[in-house]
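See below for the structure under consideration.
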Amino acid sequence: MNNLLLTKIYQRLCDEVDTLNFSYPVASVYNPLRYAWDGFAQYLKYSEGRKRVVFLGINPGPWGMAQTGIPFGEINSVREFLGISKISFTAPDNMQLSYPVRGLDCQRSEVSGRRLWGLFRERFGTAQNFFADNFVLNYCPLLFIGLTEKGTLRNITPDKINPSEREKLCQLCDYAFIEAVNILNPDYVVGVGSFAFKRAKISLIAQKINIIKILHPSPANPQANKNWAEKTTAQLITAGVWQ
């Protein structure tokens, strides 16, 4: 049942965010729920049952969910931990040559996804063990490729886009996340990084759910580049999420 309900929510969100327009510094927008829905649909098989903990990421990374449609969907983790070996996809509109989409044939590794799923694999052993009580979602389904002052392209997160455009985006994403949480019924929501934590606090203000923050595993976060797994485990234990 969760699978079907979440499918409806994220198909709607996929359509809704495609109606939005984004200005500088955004140069291109990828919507992997549109062109790589097959990967996300396969991932949703793990959503059945009540989840004690929901981990919330920010938005797709260029070498993770942008390739596979799966939150933090680093290629090897998708294959080896999640057990998903084939994903149908099409090239996104306005695809940039410096950020190509090749699906599971992508040769780049998304460090954030490798670290996050690697931690879960180390602690739980199998995907089945992890998803018995846990699930992972991204707050926003869009990847933003931004234009720098030097004219080069880089991956940017939603907090870097035009504030008025971000407000419209967050209204849609907040509503979808509230609906997803109502279905999964967690005791804890874990914001992976400050932005996800902030949006969880805002969107779930009326609900009695424990909301905590862990370090984002991105290599762009200096604190994550040394002992991220150990620091994150300690944060989760201190918060009572893990024993």
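Each reported figure results from applying straightforward, stated rules to the coordinates on display, with no laboratory input. Just so you know, these numbers come straight off a predicted model, no measurement behind them. For neighbour counting, all protein chains shown are included, and Cβ atoms are generated from backbone atoms with ideal geometry for every residue, glycine included.
Points to keep in mind about this one:
- Kyte-Doolittle at least 0.0, axis length at least 20 Å by Cα - qualifying DSSP helices, the chain: 163-184
- Coil-residue trypsin sites (Lys or Arg not before Pro) of the range 204-243, DSSP, other Cβ within 10 Å capped at 14: LYS208, LYS226
- Length-normalised contact order of the range 1-93 in % [C-alpha pairs under 8 Å, at least 6 apart]: 32
- Average Cα contact separation per residue, the chain, under 8 Å, 6 or more apart, as relative contact order %: 26
- The helix-based estimate of mean residue ellipticity at 222 nm for the chain, built from -39,500 (n - 2.57) per DSSP H run of four or more residues and divided by its residue count, is -12000 deg cm²/dmol to the nearest 500.
- For the range 145-243, the set of GluC sites (Glu not before Pro) satisfying both a DSSP loop assignment and a count of at most 10 other C-beta atoms within 10 Å is given as GLU149.
- Summarising the strand pairing of the chain, around 35 percent of its internal DSSP beta bridges are antiparallel.
- Tensor-based shape of the range 2-238 (alpha-carbon gyration tensor, a/c under 1.5 rounded, otherwise prolate or oblate): rounded
- Straight-distance crosslink candidates among lysines, where the alpha carbon sits under 19 Å from LYS201 and sequence neighbours closer than 8 are dropped: LYS51, LYS168, LYS213
- For the residue pairs LYS208/LYS231; LYS8/LYS160; LYS8/LYS198; LYS8/LYS226; LYS86/LYS150, alpha carbon separations beyond 31 Å are given by LYS8/LYS226; LYS86/LYS150.
- For the range 101-243, the equivalent ellipsoid derived from the alpha-carbon gyration tensor has semi-axes of 25, 22, 15 Å in decreasing order.
- Tensor-based shape of the range 118-200 (alpha-carbon gyration tensor, a/c under 1.5 rounded, otherwise prolate or oblate): oblate
- For the range 25-156, alpha-carbon Rg over 2.2 N^0.38 Å: 1.04
- Per-residue Cβ neighbour counts within 10 Å put MET95, MET65 in the sequence MET95, MET65, beginning with the fewest.
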